[in-house]
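The values are calculated or read from the model by the stated rules, or taken from the named source; none is laboratory data. Everything numeric in this text was worked out from a predicted model, so none of it was measured. Glycine gets a Cβ as well: all are built from the backbone with ideal geometry, and neighbour counts include every protein chain shown.
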Amino acid sequence: MANRLQKAAATVVAAGAMLIAPQTVSGAGTQVLTHTSGSHVRSNSAAILTLIQQSTERSATFRELVETIDASDTIVYVREGRCGAGRRACFYAVSSSAGRRTLWLRVDTRENVEWDLMGSIGHELRHALEVLDDTSVTTNARMFLFYQRIGYRGTGSGMETTAAVNAGNDVRAEVQAFNRRAKAD
């Protein structure tokens with residue numbers, strides 16, 4: 001009986017890990033890409049990596065977000081996917097292993113307005129920084145309680161913070177200004 005319970009528990013844990021583990025594709029195995037060597041902001045999507053690189057070049061706010069994450073011991077994965085409730089991006093999971101946290105963001109890249117996607121990624125990176133500041137947030141349940149404490153009700157069932165909204169708006173404005181200057185040159 002105990003053996004069956006252990007196997008069932010192991011199956012549940014494995015299934016949960018598959019839901020939040022990075023899905024990557026490579027000819028010979030798993031490959032996780034970063035926008036710069038050694039960066040803690042990672043993705044398995046070339047499209048997202050291009051957005052991150054361009055955002056870093058075009059927005060001081062975005063660059064500061066990435067630099068702060070890179071200075072931490074936390075890894076942030078930005079994946080393609082849908083968030084639901086009409087949201088373009090979301091911070092959907094926290095995992096921890098051996099005292100090191102991994103944060104999981106999702107971006108719906110079907111939106112084809114580049115500067116808006118960049119702002120959405122910046123918004124979610126700001127949420128990642130909020131969690132970086134509270135080392136007790138090591139699970140999804142703790143993340144939920146954390147945002148119940150510091151946030152307010154956003155779109156659908158999501159929680160929001162003023163800092164993340166402002167960061168996303170700042171990134172959008174800086175990228176648009178960069179694009180206007182580049183077009184004028």
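At a glance:
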quantity	calculated
Qualifying residue in the stretch 141-163 (condition: more than 19 Å from R88 (Cα to Cα), outside any helix (DSSP H, G or I) and free of Cβ contacts under 8 Å to residues at least 12 places away in the same chain)	no
Number of the condition not met by C83 [criteria: (1) within 18 Å of S39 (Cβ to Cβ); (2) out of contact with any Phe, Trp or Tyr (no Cβ under 6 Å at 6 or more places or on another chain); (3) crowded, with 20+ Cβ neighbours inside 10 Å]	(1)
Test: residue in the stretch 30-39 that is modelled with pLDDT of 70 or more and either surrounded by 13 or more Cβ atoms within 10 Å (Cβ to Cβ) or not in a helix (DSSP H, G or I) (or both)	yes
Matching residues in the stretch 88-134 - criterion: being among the hydroxyl-bearing types (S, T, Y), in contact (Cβ under 8 Å) with a residue 12 or more places away in the chain and not in a helix (DSSP H, G or I)	Y92, S95, S96, T102, T109
Selection within the stretch 77-87 - part of a strand (DSSP E or B) and in contact with an Asp or Glu (Cβ under 9 Å, 6 or more places away or on another chain)	V78, E80
